[in-house]
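Student: What follows is a single structure, and I will ask about it in a moment.
The values are calculated or read from the model by the stated rules, or taken from the named source; none is laboratory data. Predicted model only: the values in this text are computed from it and were never measured. Backbone-built Cβ (ideal geometry, glycine too); neighbour counts: all protein chains shown.
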Amino acid sequence: MGKPTGFLEFTRELPTKREKKERVNDYREFVDLYKPESLNHQAARCMNCGIPFCHSGCPLGNVIPEFNDAVYKKNWVDAYEILTSTNNFPEFTGRICPAPCESACVLGINQPPVAIEEIEKHIIELAFEKNIIKPRKPNVRTGKKIAVVGSGPAGLAAAAQLNYAGHTVTVFERDDAPGGLLRYGIPDFKLEKWVIDRRIALLEEEGVVFKCNANVGVNISLNDLLREYHSIVLAGGSTVPRDLNMPGRSLNGVYYAMQFLKQQNKRVAGKNPLANAHIESNIMAEELTAAGKNVVVIGGGDTGSDCVGTSNRHKAKSVTQFELLPKPPEGRTSFMPWPTYPMVLKTTSSHEEGADRKWAIATKEFIGDENGNLKAVKIVDLEWKITEDGRPAKFVEVEGSIREIPCELALLAMGFLHPQQQGMVDELGVELDERGNVKASEKAYQTNISKIFACGDMRRGQSLVVWAISEGRECARKVDEFLMGASQLESKDQNIHAPKLAY
């Protein structure tokens, strides 16, 4: 490395943020960039480990020590080329990835880990700023046509790789703009949409064709796709949300988190929040707002956190977030050894802006007024039994703890079950696994119909954006092999630096 003693001289520092009182008044990103000296110091902290476990922590197998070294030396071309050899979209992962690579950082054994995610974001933003990025156009076309259904991170990654392999790629998106969950799920204060537009424009320049308002199986004929394309990649995501089947669920005021978040994304984009609502499995007939309401977010993950941040920007009267599980520890325990990803307490920027977080809480009932509107939520405290390995196993309700709290808007942020099966998936006749996802092995990404492949959340189940990109890349390689007999596309299995650890 450029500075072997850097990890002894510099501590971990993250970029500054706009003040909480200021940033909750808009939907712009609020994390600043490093000053050049700070970026240099953070890259210098990388230790040039004998075994860089950060490789295995990253589902993409990013070559992290090498790009850190290039950043330290201010060699931006090398840094960009190293980073993008494994990651098509560092501008996405550098903003919204939970950074499992940092959990596996060797320095993290007894010091704060290297700020890998921020360095990654800086590499790609500097590459755009310095005009290093050029369209990655194939030298020749193969004559093979591929349809990618879904334009989330998995679909975009598959499309980018297959296009670079020389195939003619068309991406079908049922909504009015590409991006999937990146565009209509992630709040703008975490990922502004010009970041997506910039990447889509580059992919179009490279030759990828995007067809929006194209709902395959509805206004796009499945028979036409099967007839006209040599291969089809299903990358539609896991879109059926987990529900709470209990009294009062049908009251006005109880909604899925994505119904709430998607509407706000459309508002920020200057669009009708209810436009294209008919394409969803759960049709919305009204605009949702948290303004002046007592909001309860049910679910303690990232989607729940996004609901908290959005509700704060709506100027909610109060925001309360429930989690069924007990409060996790603030640091690693003996049951979360390095370099595994630790299930520790996570306080997001949205939590910092204000929320009453409660753990080990179960929702019993939604209570409405005489007009059918939500007015309160009935809850109960839980007592969990912890197993010998530190895992919560089963719970009992705490006697006498049932109570009601005022609530006019309840948002269900409990994750997703599987992809939408009604329509395209059913009509294609692809097999499903025991969880309801499209069945395709990780080795081949191929369904029971030989020319149809699947990747991302649609195949794997609900997961991280970095896993979606990895899935799209690996699936593209298998499609290329299927069509051409062999492939020159990169594979994470070719990363000889990465120790092979089970995820």
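Student: Quick one: in segment 443-459, of everything that is in contact with a helix residue (DSSP H, G or I) (Cβ under 6 Å, 6 or more places away or on another chain) and crowded, with 22+ Cβ neighbours inside 10 Å, which residue is farthest from residue 482 (Cα to Cα)? Step through it out loud before you land on a result.
Tutor: Restricting attention to segment 443-459, the residues satisfying the condition of being in contact with a helix residue (DSSP H, G or I) (Cβ under 6 Å, 6 or more places away or on another chain) are 444-445, 453, 455-456.
Remaining after also requiring crowded, with 22+ Cβ neighbours inside 10 Å: 445, 453, 455-456.
Numbers: 445: 11, 453: 10, 455: 15, 456: 19 Å.
This residue is 456.
Student: Within segment 376-394, restricting attention to residues that are surrounded by 14 or more Cβ atoms within 10 Å (Cβ to Cβ), farther than 13 Å from residue 322 by Cβ and free of Cβ contacts under 8 Å to residues at least 60 places away in the same chain, which residue is nearest to the chain's Cα centre (by Cα)?
Tutor: First, the residues of segment 376-394 that are surrounded by 14 or more Cβ atoms within 10 Å (Cβ to Cβ): 376-382, 384, 392.
Among the residues that remain, those that are also farther than 13 Å from residue 322 by Cβ are: 376, 384, 392.
Filter once more, keeping what is free of Cβ contacts under 8 Å to residues at least 60 places away in the same chain: 376, 384.
On the way: 376: 31, 384: 29 Å.
Step by step, filter segment 376-394, then rank; the result is 384.
Student: Determine whether segment 342-350 contains at least one residue that is closer than 15 Å to residue 407 by Cβ and either in the same structural domain as residue 31 (by TED's automatic domain parsing) or modelled with pLDDT of 95 or more (or both). Step through it out loud before you land on a result.
Tutor: Let us first name the residues in segment 342-350 that are closer than 15 Å to residue 407 by Cβ, namely none.
No - not one qualifying residue is present in segment 342-350.
Student: OK, next. I want to confirm something. Restricting to segment 321-368 and keeping residues that are of a type in the set (S, T, N, Q) and more than 26 Å from residue 113 (Cβ to Cβ), which single residue is surrounded by the fewest Cβ atoms within 10 Å (Cβ to Cβ)?
Tutor: Initially, segment 321-368 is screened for residues of a type in the set (S, T, N, Q), giving 321, 333-334, 340, 347-350, 363.
Imposing the further condition that a residue be more than 26 Å from residue 113 (Cβ to Cβ) reduces the set to 321, 363.
Details: 321: 26, 363: 18.
That would be 363.
Student: Let me ask something else about it. Looking only at segment 307-325, filter to residues that are out of contact with any Asp or Glu (no Cβ under 9 Å at 6 or more places or on another chain) and in a loop (DSSP other than H, G, I, E, B); which one of those is farthest from residue 292 (Cα to Cα)? Walk me through it before giving the result.
Tutor: Applying the first criterion (out of contact with any Asp or Glu (no Cβ under 9 Å at 6 or more places or on another chain)) to segment 307-325 yields 307, 310-311, 314-316, 322-325.
Right, trim to in a loop (DSSP other than H, G, I, E, B) and you get 314-316, 324-325.
On the way: 314: 8, 315: 6, 316: 5, 324: 26, 325: 29 Å.
Selected residue: 325.
Student: Among the residues of segment 369-385, which ones are of a type outside the set (Asp, Glu) and in a loop (DSSP other than H, G, I, E, B)? Even if it seems obvious, please write down each step before you answer.
Tutor: Within segment 369-385, the first condition is being of a type outside the set (Asp, Glu), and the residues that meet it are 371-380, 382, 384-385.
Passing the criteria: 371, 372.
Student: Another one. Restricting to segment 431-442, and then to whatever is surrounded by fewer than 20 Cβ atoms within 10 Å (Cβ to Cβ) and at pLDDT 95 or above, can you tell me which residue is farthest from residue 305 (Cα to Cα)? Step through it out loud before you land on a result.
Tutor: Keep residues of segment 431-442 that are surrounded by fewer than 20 Cβ atoms within 10 Å (Cβ to Cβ), which gives 431-436, 439, 441-442.
Narrowing further to those that are at pLDDT 95 or above: 431-436, 439.
Details: 431: 34, 432: 31, 433: 30, 434: 29, 435: 26, 436: 26, 439: 31 Å.
Per the stated criteria, the residue is 431.
Student: From the set of residues in segment 349-368 that are part of a loop (DSSP other than H, G, I, E, B) and in contact (Cβ under 8 Å) with a residue 40 or more places away in the chain, which is nearest to residue 248 (Cα to Cα)? Give the derivation first.
Tutor: Here is the first cut: in segment 349-368, the ones part of a loop (DSSP other than H, G, I, E, B) are 354-355, 360.
Of the ones still in play, those that are also in contact (Cβ under 8 Å) with a residue 40 or more places away in the chain are 354-355.
Values: 354: 27, 355: 24 Å.
Of everything passing the filter in segment 349-368, 355 is nearest to residue 248 (Cα to Cα).
Student: Can we say residue 225 is crowded, with 17+ Cβ neighbours inside 10 Å, touching a strand residue (DSSP E or B) at 6+ places or on another chain (Cβ under 7 Å), more than 26 Å from residue 459 (Cα to Cα) and not β-branched (Val, Ile, Thr)?
Tutor: Values: crowded, with 17+ Cβ neighbours inside 10 Å: yes; touching a strand residue (DSSP E or B) at 6+ places or on another chain (Cβ under 7 Å): yes; more than 26 Å from residue 459 (Cα to Cα): no; not β-branched (Val, Ile, Thr): yes.
Considered against the rule, which asks whether it is crowded, with 17+ Cβ neighbours inside 10 Å, touching a strand residue (DSSP E or B) at 6+ places or on another chain (Cβ under 7 Å), more than 26 Å from residue 459 (Cα to Cα) and not β-branched (Val, Ile, Thr), residue 225 comes out as no.
Student: In segment 460-476, what count of residues is obtained for those that are more than 21 Å from residue 101 (Cβ to Cβ) and crowded, with 24+ Cβ neighbours inside 10 Å? Steps first, answer last, please.
Tutor: Within segment 460-476, the subset more than 21 Å from residue 101 (Cβ to Cβ) is 461, 475-476.
Still in the list and also crowded, with 24+ Cβ neighbours inside 10 Å: 475-476.
So the answer is 2.
Student: Report, by residue number, each residue of segment 228-249 that is basic (Lys, Arg) and either under 30 Å from residue 477 (Cβ atoms) or free of Cβ contacts under 8 Å to residues at least 12 places away in the same chain (or both). Let's see the steps before the verdict.
Tutor: As a first pass, look at segment 228-249 and keep what is basic (Lys, Arg): 242, 249.
Result: no residue meets the conditions.
Student: Between a residue in segment 255-274 that is more than 23 Å from residue 377 (Cβ to Cβ) and any residue that is modelled with pLDDT under 95 and among the acidic types (Asp, Glu), which pairs come within a Cβ distance under 8 Å, given they are 6 or more apart or on different chains?
Tutor: These pairs meet every condition: 273/287; 274/286; 274/287.
Student: Might you check whether a residue that is touching a strand residue (DSSP E or B) at 6+ places or on another chain (Cβ under 8 Å) and not assigned by TED's automatic domain parsing to the domain that holds residue 261 occurs anywhere in segment 106-115?
Tutor: The initial filter retains those residues of segment 106-115 that are touching a strand residue (DSSP E or B) at 6+ places or on another chain (Cβ under 8 Å), namely none.
Looking through segment 106-115, none of the residues is touching a strand residue (DSSP E or B) at 6+ places or on another chain (Cβ under 8 Å) and not assigned by TED's automatic domain parsing to the domain that holds residue 261.
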